[in-house]
Structure formats: structure tokens, C-alpha cells
Amino acid sequence: MDDRRAVAQTLYKTMGLTDAALNDPDIAHLVINSNMVVASHLVEGLVVEPAETQNGVRVTMRVLAGHIIQKPVHLCFGMLPEDGLQEIIMDVTIEEHASVSILAHCTFPNAKNITHKMEAVITIKEGASYSYLERHVHAASGFITVLPHAIVTVEKNATFKTDFELLRGKAGIIDIDYETTCYEHSHLEMNAKVNGIQDDAITIRETGHLNGEGAVGVLTTRIAVRDTAQATVYNTLTAHAAYARGHVDCKEIIQDRATAKAIPVVEVYHPKAHVTHEAAIGSVDDKQLQTLMARGLSEDEAVDLIIQGLLSGS
Amino acid sequence: MAILKLENVSLSLNNKPILDSISVDFWEGYIHAIVGPNGAGKSTLSYVIMGLNDYRTISGTLYFKNKPINELSVYQRARLGISLAWQEPARFEGLTVYQYLQASKKDNGLSIEEAMDVIGLPAQEYLPRACDKTLSGGERKRIELASLLVMQPEVVLLDEPDSGIDVEALERIFDAMAILKQRGSTIITITHSMAVLQKAEHAFLMCHGNIIDKGGIDKISGYFENKCIPCDHKNIPISGEAR
């Protein structure tokens, strides 16, 4: 087995996954360790051109018009070293009426001082569909900065769904910034779930502009913070056209001396558009807590289960 | 023999007396009903027995199997064998029905699949579902009962188990009560319903934080038949309580 393949397998193991996906000819994958492509495999209709840079990789990805990629494409961005910078620059185009799902894992199991940056420009052409699940696995201690930024265009009748999950390990500094512009009858769904502990600092900025008639957007954020962790969520939805519909939903559970802010902004510029929002920040719901305790769970067990539910729910 | 005994139990909330020196024995293995007008203190009594937050600062003594339990927290009482089904069950965002029932499961309870069968909700369909607002009120009430069936507490407190459910679901609630009793639970149910009262073997009438009468179902059911038991309080809504 060559060294790169071994690194790819090690990264998969750190995420608690088998490397079965790496051996399945029907599953496309691209595995990056620091700035090195350690494994890749493509399927018909998917064009991926990675180029190693000084501190990371530049990836151009296209799904060709009319192609439906049946199985989720696996992307793995990781760093096995303790320190360093990883910059991922992505240029993604999903061509007309094409469809793809991405399962992206970001793993930094040994991080002591790592910065992971992603700058993405994503264009989803008419009638196309792009789903991107980004799941992070961090070490229980150490220091990591995660900066995923994306500019997204969702054309007529296209769909964009993104999920960001950081549920294991120490979050570190998280600064998510996604801005999406949606045209006629397009669908946007942006979800973020983050668990913050110790001195983690979490900032989420998700913005959707519903510019086209009948465009639909939903922004959902679920955060749990404890110890002295801090979370700030800026969710913005603007509606500029008739029958544009949107909803912003943010829930944050805080414990100990953690703090949380939610700043939902809804702006409507057309009388036939409609955008709603809800935000709730507080400790664990007392009725849920007491119900579980009335079934025999200790307070700590009950709190853990409720937070697990908050962060795992759809 | 009393499995649960209250001795001069009083509770005030915001300086307002809610329970007024209640002394009562709940006999082991019986289905007990507590009836009375809104505001009589029935639900509060169940919260005091469960030891919920805000309902712990009482005077008087609660005994479970002759041992005082005033100092025990909710989960300690649950581990002893007391549990409660709320009138309006909690909604758990993100938790599935299976996860909720698994968290409630104890060795001597029914299996999760058996419990779902008793309450008449197909396990395959409902166990993966979220235990949240996507379930109807009646479904959540039945799942609340299922959580007690898998737990099999020695004392089951049911706060209006029939509220907000249809006739078919009510039969399932009765089935669940029968199985809990058959397997050894003592049931204390709060109700405004004659149908539920008639499933009980012994009943208490509450008013203004007091238990003002007790006895067999025939005696207490007079409350539902506009033949209210003589009472000093003039504001018992004699009619309109029964369904």
C-alpha cells in the first residue's frame, strides 16, 4: 500500500469511518491531507481538478449538464499534523439539470494550532441540485480555527442545501459566512449545528437573498454551548420578489457561564413576499428535563440527551 | 397497605396556599382517581408527589413504602419507582420516539415494541419519528403512556390521561392502565372524565387544596351527576365537569 493511500485510510479512521467508500467504484472521492491529494476517484459526469498550492488545494469541480450522480461524493479535508494552515479554494459549478450530493468530512484529530479556511464560489445552474454536508471532527483539546466562507448562486428552479455539523471535539474558533442569492422558484436550505465547549467562539453568518419570484429559503441553526463558550448567530433573509417565502429558525441552549446571541434579520421588499423568523435562547427546556428525570435519568444524563436531540434533529 | 402516604402535606406558591394539610393513603395495587374542579390542586398534588422543581418546598411528609422521600429529587424518586405522565407531554426536538422510550426503559418494563403495540401505534412507523410537534396531541399522550409501560414504575401518576384524545385512543389508554396495574403498578389518575373514573377502584374528591371526600366510585361519581357531596366551598362547578 502506498503512503498516500495509508494517509487517506488514517483520516477516515479518525472520523470513525471505514474506508469502504474509498474502495467502492461507484463512489467518487477526493481526500486531501494538508495540501496534498492523497486519494481521488471520479465517476461519470463529475469533473474534479485539484491543484496543490502552498497551503492547501484549489479544487475546480463540475457536474456536467443532465448528470445525476447517484451516490454521495466523499470529500475529506484533513490535517494529521498538530499545527499548520490549510486553505481550500473551491470553484463549484453544477450545470443545468445536474444533481450531486457531497459528503464532506473535515478532520483534525491532533490539532494544537490549526487554521482551516475554505473560500468557495458555487454556481448551481437552472434546474440543478447541490447538497453539501460538511461534518467536522476535532480533537478534544487544542486550538483550531475554522473559516468556511462561500458565495452561492442558485439559478431558476435550482436547489441548494447545506449542512454544517461540528458535534465532536473542541470547536475552537468557528466563523461561518455563507451568502446565497436565489432566483425564480429556487430552493435554499442552510443548516448549522455546533456544540461549543470550554472557550470556543462560534460565529455563524448565513444570508439568503430571495431575488426571484417563488424562491424559497430556510435558515436553521442549532447551537449548544457550555463552560465559557460563546456563540453569535446572524441569520439574514431578504425577499425581493412576489411569492418569495422564507423562514429563519435559531435555537441555542446555554449552560454554565456560556453566552449566546441570535440576530435574525428579515427584510421584505415585495408586498407578496413573506418571511418569518423564530429564535430561542436559554437553558434546557424544563419540561423536557423533568420528564426525562421522571423516567429515572439524572440531571446530567437528561441534559446530554436533550442537547443530543437538539443537535441531531432535522 | 399504603404504598404512598401523605401526612399533613401543604404547599404554597407565591404566598398562595395550594395544598392545605392533605393526609391520604394510596393503597398498593389499586387504581385511584382524583377528581375535583379546576384549581382544586389535583395536578399540584401529583407534582408534589413526583418532586418536580417548584413543588419541593412543602410542609408535612411524603412516605413511599414507609420511608420519607421529601428530600429526594425527581430522578431519585423515579429510580425508587414513582413516575408521572403529564397532561401535556413534553416535545423533544430531535429525539426520536425510540430514543425517548429507550431512555425510559427499565428491566422489568415491557419491551419497546410491546409497549407500542399496547398503545396502538405501529412500531415500525412511529419509532423513527421525531417525538415533537409533528406528532398529534393524542399520539404524544399515547407515547407518554408507552414510556411508562417500558419503565413499569411502582406508582404511576397520570394527569388527565384522556384529555385531547379520541374514543379509539381512549381505549388504548385504558389498555395501558390495565397492563400497568396487572403488572403491579399502583395508579393515581387525575381526571375530569366519568369514563376514566369508572376504571378506578377508589377515588378522592379535591377542592381548594383539600381532600373533601373519598371512597368507592359510586360514592364519588355523584360529583359528576350534579349531586355534589356537601362542601363548604360554594364555587365547585357542579355541572359541566363530566363528559
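No lab work stands behind these numbers, since they all come straight from the coordinates. What you are looking at is a predicted structure, and each value in this text was computed from that prediction instead of being measured. In this analysis, Cβ positions are derived from the backbone assuming ideal geometry, glycine residues included, and neighbour counts consider all displayed protein chains.
Structure summary
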| read-out | value |
| --- | --- |
| Principal semi-axes in Å for segment B:11-102 [√(5λ), Cα gyration tensor, largest first] | 24, 17, 15 |
| Most fluctuating residue given options A:Glu49, A:Glu184, A:Glu96, as computed from a GNM of chain A linking Cα atoms under 10 Å | A:Glu49 |
| Local net charge near B:Asn70, Cβ-Cβ under 13 Å (Lys/Arg +1, Asp/Glu -1) | +2 |
| 3J(HN,Hα) from dihedral phi, segment B:21-38, Karplus parametrisation 6.51/-1.76/1.60, rounded to Hz, x for glycine, proline | 6, 8, 10, 7, 10, 9, 6, 5, x, 8, 9, 9, 10, 10, 10, x, x, 4 |
| Cβ-based exposure ranking for A:His209, A:His138, in which fewest neighbours within 10 Å come first | A:His209, A:His138 |
| Calculated [θ] (222 nm, deg cm²/dmol) that DSSP helices of n ≥ 4 give over chain A, each run adding -39,500 (n - 2.57) | -3500 deg cm²/dmol |
| Of the GluC sites (Glu not before Pro) in segment B:44-131, those whose Cβ has at most 10 other Cβ within 10 Å and which sit in DSSP loop | B:Glu71 |
| Cα pair distances exceeding 33 angstrom across the protein assembly as shown, given as percent | 54 |
| Within straight-line cross-link reach of B:Lys219, lysines at Cα separation under 30 Å, skipping those fewer than 8 residues along the same chain | B:Lys5, B:Lys42, B:Lys65, B:Lys141, B:Lys181, B:Lys199, B:Lys227, B:Lys234 |
| 10 Å binning of all Cα-Cα separations within chain B, expressed as whole percents from 0 upward | 8, 32, 36, 20, 4, 0 |
| Sites matching chymotrypsin sites (Phe, Trp or Tyr not before Pro) across segment A:47-144 that sit in DSSP coil, with at most 13 neighbouring C-beta atoms within 10 Å | none |
| Peptide A:283-289 - average C-beta neighbours from other chains (10 Å radius) | 4 |
| Shielding by partners - mean other protein chain Cβ count within 10 Å, residues of B:147-153 | 2 |
| Dimensionless Rg ratio for chain A, taking C-alpha atoms and the 2.2 N^0.38 Å reference | 1.02 |
| Most mobile listed residue (B:Ile165, B:Ile119, B:Ile34) in chain B, GNM with C-alpha springs under 10 Å | B:Ile165 |
| Fewest-first ranking of B:Lys181, B:Lys141, using other Cβ atoms within 10 Å as the exposure measure | B:Lys181, B:Lys141 |
| FRET efficiency estimate (nearest 0.05) - Cβ-Cβ, A:Thr259 to B:Asn8, R0 60 angstrom | 0.85 |
| Proximal lysines to A:Lys251, defined as alpha-carbon separation beneath 17 angstrom and excluding residues fewer than eight positions away on the same chain | A:Lys193, A:Lys261, A:Lys287, B:Lys133 |
| Of A:Thr180, A:Thr18, A:Thr115, the one that fluctuates the most in a GNM where chain A has Cα springs shorter than 10 Å | A:Thr18 |
| Partners for A:Lys13 among aspartates and glutamates (Cα-Cα distance below 16 Å; same-chain residues under 8 apart left out) | A:Asp3 |
| Relative exposure of B:Lys105, A:Lys71, judged by other C-beta atoms within 10 Å (fewest first) | A:Lys71, B:Lys105 |
